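Read the structure below first, then the notes.
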Amino acid sequence: MTLKIYLSGEIHTDWRDQIIQGAAGMDVTFSAPVTDHAASDDCGVAIMGEEPDKFWHDNKGASLNAIRTRHGIQNADVVVVRFGEKYKQWNAAFDAGYAAALGKSLIVMHGPEHQHPLKEVDAAALAVVQEPQQVIDILSYVLNGTLP
């Protein structure tokens, strides 16, 4: 059974690389949003033309990014959403809600400091973890029935 995994959330640490490397040899494929922050922010105006109003600049970028995000979440078997420590990731919360609404298997990852503000997101998840290794262990268990 091949699992398609969508890795959503914060882009300032290497958590995606840790999961991808840790899952080497497992029957999984990964997809993710564009993680180059500048490219993600400016894709709309770079492709569709400049906007003098910052609202429309951001709206163009968000709309283009949504094409990739929607496709990735809709086609995923498992959606992993990471909330980082430094920034509020409103987009990650949106992705988690979208995945939950589609009935996707959702794994949420964040530190204990976010337990209270993310309680509703956590309640929609099938697993809530703090570390990439826990995601790897979940994937191994789901695919092979093996414990760490």
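The values are calculated or read from the model by the stated rules, or taken from the named source; none is laboratory data. Every value quoted in this text rests on a predicted model; they were computed, and no experiment measured them. Methodologically, a virtual Cβ is constructed for each residue, glycine included, from the backbone with ideal geometry; neighbour enumeration extends over all protein chains shown. For accessibility, only protein heavy atoms count, side chains too; no ligands or nucleic acids. Shrake-Rupley method; radii C 1.70, N 1.55, O 1.52, S 1.80 Å.
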- Note on the structure: hull vol. (C-alpha, convex hull) per residue for the stretch 74-119, Å³ -> 70 Å³
- Query: Normalised by the number of residues in the stretch 19-148, what is the relative contact order in percent for Cα pairs under 8 Å and 6+ residues apart?
  - Reply: 22 percent
- Message: Quick check for me: using +1 on Lys/Arg Cβ and -1 on Asp/Glu Cβ, what's the dipole size of the chain about its Cα centre, in debye to the nearest 20?
- Response: 360 debye
- Task: Positive end of the charge dipole of the stretch 1-55 (Lys, Arg +1 and Asp, Glu -1 on Cβ, about the Cα centre): tell me which of MET1, VAL28, ILE11 has its Cα farthest that way.
- Result: MET1
- Note on the structure: Between LEU126 and HIS57, the two model label points (7 Å from Cα along the beta-carbon direction) sit apart by a distance in nm of 4.1 nm
- Task: Output ³J(HN,Hα) for the stretch 136-144: one whole-Hz value per residue in order, computed from phi by the Karplus curve 6.51 cos²θ - 1.76 cosθ + 1.60 with θ = phi - 60°, and x for Gly and Pro.
- Result: 4, 5, 5, 4, 4, 5, 5, 7, 10
- Per residue solvent-accessible surface (Å²) - the chain, probe of 1.4 Å: 58 Å²
- Item | Positive-pole candidate from VAL128, ASN59, ALA38, dipole of the chain, charges at beta carbon | VAL128
- Would you mind telling me the share, in percent, of accessible area of the stretch 21-92 contributed by carbon and sulfur at probe 1.4 angstrom? 54 percent
- Loop sites in the stretch 1-108: trypsin sites (Lys or Arg not before Pro), DSSP, at most 13 other Cβ within 10 Å: LYS86, LYS88
- Using just the C-alpha positions of the chain as equal point scatterers, what log10 of I(q)/I(0) does the Debye formula give at each q in 0.09, 0.11, 0.14 1/Å? -0.29, -0.43, -0.68
